[in-house]
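These notes are about the structure you will find just below.
The values are calculated or read from the model by the stated rules, or taken from the named source; none is laboratory data. Please read these numbers as outputs of a predicted model, since none were measured by experiment. Glycine gets a Cβ as well: all are built from the backbone with ideal geometry, and neighbour counts include every protein chain shown. Note: accessible area is taken over every heavy atom of the protein model, side chains too, but ligands, DNA and RNA are not part of it. Shrake-Rupley method; radii C 1.70, N 1.55, O 1.52, S 1.80 Å.
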Amino acid sequence: MRDTLKTYFGYDSFRPLQEEIIRHILDKQDALVLMPTGGGKSICYQLPALLSEGTAIVVSPLISLMKDQVEALQANGIAAGALNSSNDETENANLRRSCVAGKLKLLYISPEKLLAEKDYLLRDMNISLFAIDEAHCISQWGHDFRPEYTQMGVLHQQFPQVPIIALTATADKITREDIIRQLHLIRPRTFISSFDRPNISLTVKRGFQAKEKNKAIIEFIQRHGKESGIIYCMSRNKTETVAQMLQKQGIRCGVYHAGLSAQQRDETQDDFINDRIQVVCATIAFGMGIDKSNVRWVIHYNLPKSIESFYQEIGRAGRDGLPSDTVLFYSLGDLILLTKFASESSQQKINLEKLQRMQQYAEADICRRRILLSYFGETATEDCGNCDVCKNPPQRFDGTVIVQKALSAIARAEQQIGTGLLIDILRGSYSAEVTAKGYQELKTFGVGRDIPPRDWQDYLLQMLQLGYFEIAYNENNHLKITPSGSDILFGRAKATLAVIRHEETATRKGKKKKVVVAKELPFGLTGGENEDLFEALRGLRKQLADQ
Ligand code: ADP
Ligand code: MG
């Protein structure tokens, strides 16, 4: 295996998990592989393809991605081809002949073509394995659902002896389970490599007006000298205006979005890879599959719609392992807009939840890397020291008892409650749901009376982010205690919580109307002048919590 790795790819050693995955596939077993972007997923199916009889079928959603991969393989002397709608008829006819004659080691194919060919070309081939790249596209829970992917469930039925390897960089737990179910993987092993990218710094800036934001970005770029970076914007229009703003400052800058011609996009990508431009202002369309190792920074001009998208996009920085910086600008306007989009989407509930987790990340006052990692099912053992929260920490205290109260209430309710009911139980309120279930009989009923409900919400958010419990989205949002939560519950470890910062606002008459918890509002803005917006936002959150 190592010889093949060296001969064809020029690498001396495997990265973590690659070797194990390859052996598993060579044993003709199914696998789900989760590795961050740039982690080295391709080798996991390319090497088994080289070492097996027959042709590996690689399903990939993007023609440009296929093209790059096939060219790279051919350059390494590997017989590979891509069957897709961008080829002309002769090309495809030649390719078909090579496939049937068993001359190819790898055939890249779009999901549409795969479905069209499964009863024809595929039957006449000797197939060594199926690799489903960007496998999260199969799941509605994933962030990039593609209906054509769902039909690939038939592959295993039709080719029962051929192993399937599904690969993705972005899949939380439910998405993972969904991929396995939909592809009908048989006793699959799931391989998860660490999502930690400690060389990437994380910063969130809140409440900047457009002007301040632009100024901050220009300063940021100037601080970074000639280093390359990407600015992700929510809309095509925004990419254009931001690019113009930077060009006026003499910064060499290109634009990339789906509204441009393929030629224009290729040109921008090419200019960027070859350092003819320093900055690309882009929508999410940019970056899938680009291989530029020295992207030194990524700025999010707008809030992304999920942690998955966010992680994928910041992951384009620092692939060479050197220090790289990321900044997320977080504003109320974005949040409201994205909440609206999510509420109107067909996957309303899940999209709102994903957005809420993104929002929680942006508002958090615990180590941001912990939040990212816990989102992907990893538990960090210590704070990262390389995010704005770690560098400028809020005050903290020993919150073990608070955490224990909450977790024991969850445990005594047999992990069958959501946050709303949990707070009722902790506060000892005889709500209809509490009495209906008889929860007033629990020993933990009322143990958290000393803490106001709003503060409980904050602490629960912190506990979620610290990874003490998880929310089972597919089980009525019930709370499930994690192993590190058990450690706190049974006194094996201590929990440190952040002090909640309250901020009081006065009404126009100078009389205190109510206390507004600044932290709960998105930007530390005070409620007064934006009361209606905040009310709308709270309503949406409540709606979500009630669902
Ligand atoms: P992914 O598909 O997970 O985003 P790729 O398979 O495209 O990542 O690999 C990312 C980069 O890592 C590529 O430049 C690839 O050549 C390189 N790479 C992969 N495996 C190894 C290895 N074992 N040693 C050195 N470089 C590797
Ligand atoms: Mg890949």
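General remarks:
- Charge dipole of the chain (Cα centre as origin; +1 on each Lys and Arg Cβ, -1 on each Asp and Glu Cβ, all else neutral): 1360 debye, rounded to the nearest 20.
- When nucleic acids and ligands are ignored and a 1.4 Å probe is applied, residue 408 ends up with an accessible area of around 30 Å².
- 222 nm mean residue ellipticity, helices alone, for the chain (DSSP H n ≥ 4; -39,500 (n - 2.57); rounded to 500): -12000 deg cm²/dmol
- Cross-link pairs beyond the 24 Å C-alpha cut-off, checked among 205/405; 238/305; 113/340: 205/405; 113/340
- Counting only DSSP beta bridges whose two residues both lie in the chain, roughly 15 percent are antiparallel.
- Ranked packing of 436-448, 173-185, most packed first, by mean Cβ within 10 Å: 173-185, 436-448
- Heavy atoms of residue 42: accessible area, 1.4 Å probe, square angstrom to 10: 40 Å²
- Cβ-derived FRET efficiency at R0 51 Å, residue 344 paired with residue 93, nearest 0.05: 0.70
- C-alpha center-to-center spacing [segment 416-438, segment 73-127] in angstrom: 59 Å
- Square roots of 5 times each gyration tensor eigenvalue, C-alpha, segment 403-485, largest first, Å: 18, 14, 11
- Cα pair distances in segment 405-451, grouped into 10 Å bins until the bin that holds the longest one, percent each: 33, 64, 4
- Surface accessible to a 1.4 Å probe, per residue, for the residues of the chain, Å²: 45 Å²
- Cα centroid of segment 332-407 to Cα centroid of segment 135-212, whole Å: 20 Å
- Helix axis angle, 453-466 relative to the chain longest principal axis, alpha carbon, degrees: 30 degrees
- Using the Stokes-Einstein relation with a Kirkwood hydrodynamic radius computed over Cα pairs, the translational diffusion coefficient of segment 1-76 at 37 °C and a viscosity of 0.692 mPa s comes to 249 µm²/s.
- Cα pair distances exceeding 15 angstrom across segment 453-498, given as percent: 46 percent
- Binned Cα-Cα distances of segment 133-256, short to long, each 10 Å bin given as a whole percent: 10, 28, 21, 21, 15, 5, 0
- Per-selection Rg to Rh, the chain - Cα, Kirkwood hydrodynamic radius: 1.00
- Dividing the mean sequence gap of close Cα pairs (under 8 Å, 6+ apart) by how many residues the chain holds gives a relative contact order of 11 percent.
- With the simple model of a label 7 Å out from the Cα in the direction of the Cβ, residue 145 to residue 336 spans 2.8 nm.
- Nearest-ten-degree value, helix 400-412 long axis tilted from longest Cα axis of the chain: 70 degrees
- Prolate/oblate/rounded call for segment 235-335, Cα gyration tensor, a/c under 1.5 rounded: rounded
- Carbon + sulfur, % of accessible area of segment 15-97 - ligands and nucleic acids excluded, 1.4 Å: 48 percent
- Based on the Kirkwood approach, the hydrodynamic radius assigned to segment 28-175 is 15.4 Å, with every pair of different Cα atoms included.
- Whether segment 245-298 is rounded, prolate or oblate, judged on the alpha carbon gyration tensor where a/c under 1.5 counts as rounded: oblate
- Only protein heavy atoms count here; on that basis, with a 1.4 Å probe, residue 37 has an accessible area of about 30 Å².
- Compared with the alpha-carbon gap, the fully stretched path from residue 398 to residue 261 is longer by 43.7 nm at 0.36 nm per residue.
- Accessible area, probe 1.4 Å, largest first, for residues 240, 20: 20, 240
- Sorted on the mean count of surrounding Cβ atoms within 10 Å across their residues, most packed first, peptides 367-375, 210-218 read 367-375, 210-218.
- Oblate is the label for segment 280-405. Its Cα gyration tensor axes, ordered a ≥ b ≥ c, give a/c of at least 1.5 and b/c at or above a/b.
- Taking 0.36 nm per residue of sequence separation and removing the Cα-Cα distance, the residue 184/residue 157 pair yields an extension gain of 8.9 nm.
- For the peptides 312-318, 384-390, residues were scored by their other Cβ atoms within 10 Å and the scores averaged per peptide; the highest-first order is 312-318, 384-390.
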